[in-house]
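**Student:** I'd like to ask some things about the structure below.
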2 protein chains.
Amino acid sequence: MKKFTPEYFMSLAIKEAQKAAFKDEVPIGCVIVKDNKVISRGHNNRENKKDVTSHAEMEAIRKANKKLNNWRLIDCDIYITLEPCLMCMGALYQSHINTIYYGASDPKGGAVHSSIEFSKINNLNHYPNIIGGILEEECSQIIKNYFKNKRTKLIKIL
Amino acid sequence: MKKFTPEYFMSLAIKEAQKAAFKDEVPIGCVIVKDNKVISRGHNNRENKKDVTSHAEMEAIRKANKKLNNWRLIDCDIYITLEPCLMCMGALYQSHINTIYYGASDPKGGAVHSSIEFSKINNLNHYPNIIGGILEEECSQIIKNYFKNKRTKLIKIL
C-alpha cells in the first residue's frame, strides 16, 4: 500500500481549517492518522459550539478516542495546521500520541516552542515526537487571509 | 446573602472527587462558582468515558459553557481538589476564568508551579488569580487512600 506523505495529510488538515473559515471560526484544522489512514478530523468550532474546549485538536482527539474505544492514541499521529496551544498539547501528550506534525508556529499561544518549550518540561509520562513546518506557508496564509477579510468587513461597516 | 468560604466550595469539590473514587477513577473533583452559586460540577471520568479529555475540570468547564451559553467564564471561579494539569490549565486561562482555587499540589503533572510555572509564561491573553492549599490535607488524602486501596487489592490478587 502506498505510504502517504506528511504533506498529503497536512493538505487534509488544511481542508478542515477551510471548514472552520466557512463558519467564521479562526481557521485551524487537523486529522489524526493510524496505519496510514485518517481515523478522525477536527476543526476549530469554539464560537459555534460556545465551548472553550472545542479546538480542532480536541474535537479530533475525542472522535479518535470514541473510534478506538480507548483514551490512549497509541501508534497514532496528528497533523495540525497550527502549533498546538497549552490545552491541546496537554491532551496530546496525555493521549500517548506518537508524532505531532504541525504547519505554522503560533507566537502568541503555541506550546511546542513559542509560549513554552514543551520538551524542557520534566517528568511527564510521555513526550511525543514533534515536527513543525509542514506546508507552513499554506497553513499560515489561511489564517492571515481570514483576519484580513475580517478587517476588510469591519472597515466597510465602520 | 451569606458569602460561602473557599473551604465550603472545596468541600463540594471533594464530594465530586468521591464520586470518581466510587467509579474507580483517580479521585479528582471540582465545582465552578458564579455569584456565590455552584453552576457546574465535574469529576475525573477518563477511564469510564474512554476520553482523554474527561478530566474533572474539562467536564465542569463544558457544562458551565453550556449553562452560560458562552465559552467565556467571566466572573467565575473554580475549586479543584488537585493542581490542574497542562490541558486543564490551558482551558482555564483561555476561558478567562477569574480565580482558580486548588487543594493539593501535583508534583508530576501540575501546571501551576510543579511541571511548569504558569505565571512565568509570557504573552498569554489572560492570567487567572491562583490560590492553592485549600483543604490541602483532605484533598491529598483522598488520592492517597485511592492508591493505597488499589495496591491492597492488587496484593490480594497476586
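Throughout, read-outs are computed from the coordinates displayed, never taken from laboratory work. The structure presented is a predicted model; accordingly, all values stated were derived computationally and were not measured. Neighbour counts are summed over all protein chains in view; Cβ atoms, including those assigned to glycine, are modelled from backbone coordinates with ideal geometry.
**Student:** Would you please name the trypsin sites (Lys or Arg not before Pro) within region A:1-39 that are DSSP coil residues with at most 11 other C-beta atoms within 10 Å of their C-beta?
**Tutor:** Those satisfying the criteria are A:LYS2, A:LYS3.
**Student:** If you don't mind, there's one more thing I want to ask. In the P(r) worked out for the protein assembly as shown, what percent of Cα pairs fall beyond 31 Å?
**Tutor:** When every Cα pair of the protein assembly as shown is considered, 31 percent fall beyond 31 Å.
**Student:** What residues have an amide H closer than 5 Å to that of A:LEU82, excluding those fewer than 5 places away on the same chain, when H is modeled at 1.01 Å from N in the peptide plane?
**Tutor:** Close amide H contacts, sequence-distant or interchain: A:GLY29, A:GLY103, A:ALA104.
**Student:** Still on this structure: Can you list the HN-Hα couplings for region B:105-116, worked out from phi with the Karplus curve (6.51, -1.76, 1.60; θ = phi - 60°), rounded to whole Hz and with x for Gly and Pro?
**Tutor:** Each residue's phi maps through the Karplus curve to give 7, 10, x, 7, x, x, 10, 8, 9, 8, 7, 9 Hz.
**Student:** Rounded, prolate or oblate: which one fits region A:1-57, using the alpha carbon gyration tensor with axes a ≥ b ≥ c (rounded when a/c is under 1.5, else prolate when a/b beats b/c, else oblate)?
**Tutor:** Since a/c reaches 1.5 and a/b is larger than b/c, the shape of region A:1-57 is classed as prolate.
**Student:** Here's a follow-up. With the label 7 angstrom out along Cα to Cβ, how close does B:LYS3 come to the same site in each of the other copies, in nm, nearest first?
**Tutor:** Distances between equivalent label points, in nm: 6.3.
**Student:** At 7 Å along the Cα-to-beta-carbon direction for both B:GLU138 and B:LYS49, put a label point, then send me their distance in nm to one decimal.
**Tutor:** 2.5
**Student:** Also, quick follow-up: May I ask you to sort A:TYR127, A:TYR79, B:TYR93 by Cβ crowding, counting other Cβ atoms within 10 Å and putting the fewest first?
**Tutor:** Final ranking by Cβ density, sparse to dense: A:TYR127, B:TYR93, A:TYR79.
**Student:** Would you calculate the convex hull of the Cα atoms in region A:14-158 and tell me its volume per residue in Å³?
**Tutor:** Enclosed volume per residue, from the Cα hull, is 110 Å³.
**Student:** GNM on chain B, C-alpha springs below 10 Å: top fluctuator among B:VAL33, B:VAL52, B:VAL112?
**Tutor:** Among B:VAL33, B:VAL52, B:VAL112, the largest mean-square fluctuation in the Gaussian network model of chain B belongs to B:VAL52.
**Student:** Measuring label to label, 7 Å along Cα→Cβ, what does A:LYS67 give against each other copy in nm, shortest first?
**Tutor:** 3.4
**Student:** Rounded to the nearest 10 degrees, what's the angle between the helix A:136-157 long axis and the longest principal axis of chain A, both from Cα atoms, 0 to 90?
**Tutor:** Roughly 30 degrees, rounded to the nearest 10.
**Student:** Return the single residue from A:LEU86, A:LEU124, A:LEU68 with maximal mean-square fluctuation; model: Gaussian network over chain A, springs between Cα atoms under 10 Å.
**Tutor:** Of A:LEU86, A:LEU124, A:LEU68, the most mobile in the Gaussian network model is A:LEU124.
**Student:** Amide H neighbours of A:ILE130 under 5 Å, at least 5 residues apart or on other chains, H built in the peptide plane: list them.
**Tutor:** Long-range HN contacts for A:ILE130: A:ILE100.
**Student:** Same structure, new question: Among B:LYS144, B:LYS50, B:LYS63, determine the one that fluctuates most according to a GNM of chain B built with springs between C-alpha atoms less than 10 Å apart.
**Tutor:** The residue that fluctuates most here is B:LYS50.
**Student:** Could you tell me how many degrees, from 0 to 90 and to the nearest 10, lie between the Cα long axis of helix B:6-22 and the main elongation axis, the longest principal axis, of the Cα atoms of chain B?
**Tutor:** 40
**Student:** Ordered shortest first, which distances in nm separate the 7 Å Cα→C-beta label point of B:PHE22 from those of the other copies?
**Tutor:** List, nearest first: 4.5 nm.
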